Every structure is written in C-alpha cells, then in structure tokens.
1. Treat the count of other C-beta atoms within 10 Å as a stand-in for reagent exposure and order E131, E63, E106 from fewest to most.
2. Tell me, what is the percent relative contact order of the stretch 37-110, built from C-alpha pairs under 8 Å that lie six or more residues apart?
3. Treat each spin label as a single point 7 Å out from the Cα along the C-beta direction, and report the S66 to I48 distance in nm.
4. Report, in cubic angstrom per residue, the convex hull volume of the C-alpha atoms of the stretch 37-110.
Amino acid sequence: MNLLELSVEPVLRKTIAISLPHPGSSGGCTRMCRHANDKGQQTLMYLIAIAWAYVALMMAAAEAISPQGTLFGAFVTLMLYGVLPLGLLLYILGTPGRRRRRQAAELAAQADAGGHAPPGPAQGLAPEREET
C-alpha cells in the first residue's frame, strides 16, 4: 500500500458510515445498509436513463437532419443507441428492487397465513342461526 491509500481509507469509511435511518425504526444506523439508500439509487438510475435517452434522441435528430442522413438511419440510431440499451440497463438495474418486492410480498403472505383457523363455523357444525 502506498501513502495515499492509507490516508484516504479512513476518510472513506467515515463518509460511508454516516447515520442513516432504517425503514420501520426510529433510530439511525451507523453500518452500511443496502436498503437505506434505495430511493437515492433509484432516483440516480432514472436520472442517468433520462440523460442517456436525451443524448440518443439528439443523435437520432442529428442523423435525420444531416444532408447525408436518412430517417431510417435516425430510427436505427434511436433503437440501437437508445431504446435497446436503456431497456436492458433498466431491467438489469431494477432486478434487486424487484427481488426485494417479491420477497416482501412472500413474507407478507406467510404472515397472513399464520396457521389460525378461518373465521366462521367449525367443520361439521351448522352455522349460527339468525332469528327472524
């Protein structure tokens, strides 16, 4: 290790280990938590995607209005530099969020099915009779 690596490492650890609130708790967390920055990471992901789409759209527009360019070339540019890579990027980067939502739904379903008897009459007994 060189001197620069030794001097930067403690600063980075202090920067990373800031107090972040846990979802569902009132206290802060001083360890690195994956779920603590999900909103910020998701916002950053969409910001990057919007910027990428803007650049791809400008490339397609430049292709369309160029004297040597064609509308077909602009369409191909938009598809190959914009839509296909963005779709793939958003799908891959969205996988952890989808996985967390699926696991949360499975945990909620397991919590709902707590092994208790369903409300209503027991099996083999007549339902409660209403007076008329």
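What follows is calculated from the coordinates using simple rules that are stated; it is not laboratory data. Keep in mind that what you see is a predicted model, and the values were worked out from it rather than measured. Reconstructed Cβ throughout: ideal geometry from the backbone, glycine too, with neighbour counts over all protein chains shown.
1. Listing E131, E63, E106 from fewest to most nearby Cβ atoms yields E131, E106, E63.
2. That works out to 27 percent.
3. 2.7 nm
4. Expressed per residue, the convex hull around the Cα atoms of the stretch 37-110 is 76 Å³.
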